[in-house]
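One structure below.
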Amino acid sequence: MNDELKISVSGIRGKYPDSINPEIVYKFGLAYGKFLKEKKVYVGRDTRLSGEVLLYSLISSLLITGKDVFLTGISPTPLIEFIVEKDRKAGGVIITASHNPSQYNGIKFLSSKGTFLNERENKKLMEIYKNEKFEIKEEPGKVFTCDKTTEFFEEIYKNVNKKEIEKSKFKVVIDVCQGVGALFTKSFLEGLGCDVKILNEKPYGVFSHDPEPKRETLKQLSFNVKKFMADIGFAQDPDGDRLAMVDEKGQIIGEEMVLALSVTNILEKKKGPVVVNLSTSSIIDDIAGKFNAKVYRTKIGEVNVVEKMKRVKSVIGGEGNGGVIFPSVHYGRDSFVGMALILEYMATKGKKISEILKDFPEYFMVKKKIPISSKKIPVLMEKLKETYRKERLNLLDGVKIIRKDGWIHIRASGTEPVLRLIIETKDREKLRLYLEEFENFCKSYDFPQK
Ligand code: MG
């Protein structure tokens, strides 16, 4: 895998110290200080070991541009989004590489709306960064500390049936993978009356397994859910915006059903449009169909989903990778919101999670990351468009081939130097055939396969 710094609508990401280091962070801090009109900036980080050295560099650069820095400490990305959204007169920066392995780090930049910078804002920030049009203020800013954890938890509790969840006294196993959840999730769930067993709590920042919450990384969680006879198991990514789960039998449910359950819960209470990204499971269309709710699909990236949600006044949305966005709390993917909505659904239905899931249609999905040089990506995309030109295509983000019995979506990742392949079908055999078809396509044009 190459180590280039990735720049996208999800911020910047790279390997420490080669492609992301104090020098680069300092320059980005100066650029953001110039970009942001507001004087106040909330700054937090995830648990990564390189987080502290990058944090001091970032603070220094923001102070030089005259910003007052409000340190939130090690914090979930959704908590900082929440703080910035409620403040309305501040920016926010989070030092995190989200679901990437521990040797990576990065920065997520927020606008004063509390959401990630959109394409236009991102372009502006990058222009300042590249042209080095920085502004050094004669009087530097000041440093403050800030803790809004209680307000954040209370806002989530307020938006679910807390009493009903408390009555259920759920036993929950949570795998925080040495990420920010290690400092927040136990108390969050205990606030909902749960009996909590936490996995991979320490040492902070040294991840015991691949920290991306997906099927392949949930085996330890599954084992422990059975061992402790828990009602459900959750897994969070290192900055706490994504969530995956296993049922009470230890069966791995994965991350796509997190959004499906959350959408069902909200639509049962309140009708309205749903917004998801192009790679999200078709199960969302089935669920929305039952409630006569419209589904909008966007490009991949939280801010793309959020901006559409605001435009269409969506009641719930998110990304199928376990990112639930519930605007009543704030406009950002939030694993804490996801846990609360799923527990609420279990509590109000009075059913075990496996029983609830029985009523949902079954889809088969495969997600693959294919390492590829960035130069080869446009060539591959062109070949795809040409080869499948007679089929139903969606070209909003990469190439999505849509068929009656499933779909294939291929796009360049914004956060890693890889191609992302997602295939979903209604039967298992079709999934194998679609995957084989894509592999044959790659072979015929001599594209790498792993
Ligand atoms: Mg994340």
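We did not get these values from a lab; they are worked out from the coordinates using the rules stated. Computed from a predicted structure; not experimentally measured. All Cβ positions, glycine included, derive from the backbone under ideal geometry; neighbour counts span all protein chains shown.
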Residue 169 fails exactly one of (1) under 23 Å from residue 350 (Cα atoms); (2) of a type outside the set (Val, Ile, Thr); (3) within 14 Å of the ligand (Cβ to nearest atom), namely (3)
The residue that is surrounded by the fewest Cβ atoms within 10 Å (Cβ to Cβ), considering only those in segment 219-263 that are within 16 Å of the ligand (Cβ to nearest atom) and part of a loop (DSSP other than H, G, I, E, B), is 255
Within segment 315-329, of all residues that are of a type outside the set (Gly, Ala, Ser) and not in a loop (DSSP other than H, G, I, E, B), the one surrounded by the most Cβ atoms within 10 Å (Cβ to Cβ) is 324
- Taking residue 216 as the residue in question, decide whether it is farther than 20 Å from residue 194 by Cβ and within 16 Å of the ligand (Cβ to nearest atom). no
The residue that is farthest from the chain's Cα centre (by Cα), considering only those in segment 50-99 that are within 16 Å of the ligand (Cβ to nearest atom) and in a helix (DSSP H, G or I), is 51
Open item on the list: Against the condition within 16 Å of the ligand (Cβ to nearest atom), more than 30 Å from residue 430 (Cβ to Cβ) and crowded, with 24+ Cβ neighbours inside 10 Å, how does residue 332 come out, does it pass?
Closed with: yes
Reported set for segment 282-307 where residues are more than 18 Å from residue 241 (Cβ to Cβ) and in contact with a Phe, Trp or Tyr (Cβ under 9 Å, 6 or more places away or on another chain) is 282, 283, 286, 287
